[in-house]
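Here is the structure we will look at.
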Amino acid sequence: MALTTKVMLYKTRQKDDGSYPLMIRVTYNRKLTYVPLGYTLQETEFNEKKQVIKPSAKQIENTTRANNKIKQEVAKVYDTISQ
């Protein structure tokens, strides 16, 4: 029962303005599922190594609140799978 998550830009679905949707990639028993987070960002506005939105992101007013929401969504995924 291996569960891994990664917050990432879903680069196969590029928007017209060049931005990408932000999603959680959930891998559970070798099966992939993507959970959308409701944000679209440019590649330069997202730190893939730390899996957080950079403070310089122009499309999001409060990046701290958005990063906290992302952490809550990841925790919710872990809670759902563990039950």
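The values are calculated or read from the model by the stated rules, or taken from the named source; none is laboratory data. As the structure is a prediction and not an experimental result, all values here were calculated from the model. Backbone-built Cβ (ideal geometry, glycine too); neighbour counts: all protein chains shown. Side chains are part of the model used for accessible areas, which takes the heavy atoms of the whole protein and leaves out ligands, DNA and RNA. Shrake-Rupley method; radii C 1.70, N 1.55, O 1.52, S 1.80 Å.
When the accessible area of the chain is computed with all protein chains present and a 1.4 Å probe, what percentage of it is carbon and sulfur? Using a 1.4 Å probe with all protein chains present, the chain comes out at 47 percent carbon and sulfur. Helical runs assigned H by DSSP (4 residues or longer) give the chain a calculated mean residue ellipticity at 222 nm of -8500 deg cm²/dmol, each run adding -39500 (n - 2.57) before division by the residue total. For the stretch 1-68, GluC sites (Glu not before Pro) meeting the loop criterion (DSSP other than H, G, I, E, B) and having at most 14 other Cβ atoms within 10 Å: Glu48, Glu61. The distance between label points at Glu48 and Leu32 comes to 1.3 nm (points 7 Å beyond Cα on the Cα→Cβ vector).
Accessible surface ranking for Asp16, Asp79, 1.4 angstrom probe, highest first: Asp16, Asp79. Site pair Gln14 and Thr63 shows an inter-label distance of 2.3 nm when each label is modelled 7 Å from Cα along Cα→Cβ.
In the full protein context, the chain carries 72 Å² of accessible surface per residue, based on a 1.4 Å probe and ignoring ligands, DNA and RNA. Which lysines, on any chain, are close to Lys50 with Cα under 22 Å apart, when same-chain ones fewer than 8 places away are left out? Counting by Cα, and skipping residues close in sequence, Lys50 has these lysines nearby: Lys6, Lys11, Lys58, Lys69, Lys71, Lys76.
The phi torsions of the stretch 65-80, fed into the Karplus equation with coefficients 6.51, -1.76 and 1.60 and a -60° offset, translate into couplings of 5, 5, 5, 5, 5, 4, 4, 5, 5, 5, 5, 5, 5, 4, 5, 5 Hz, rounded to whole numbers, with Gly and Pro shown as x.
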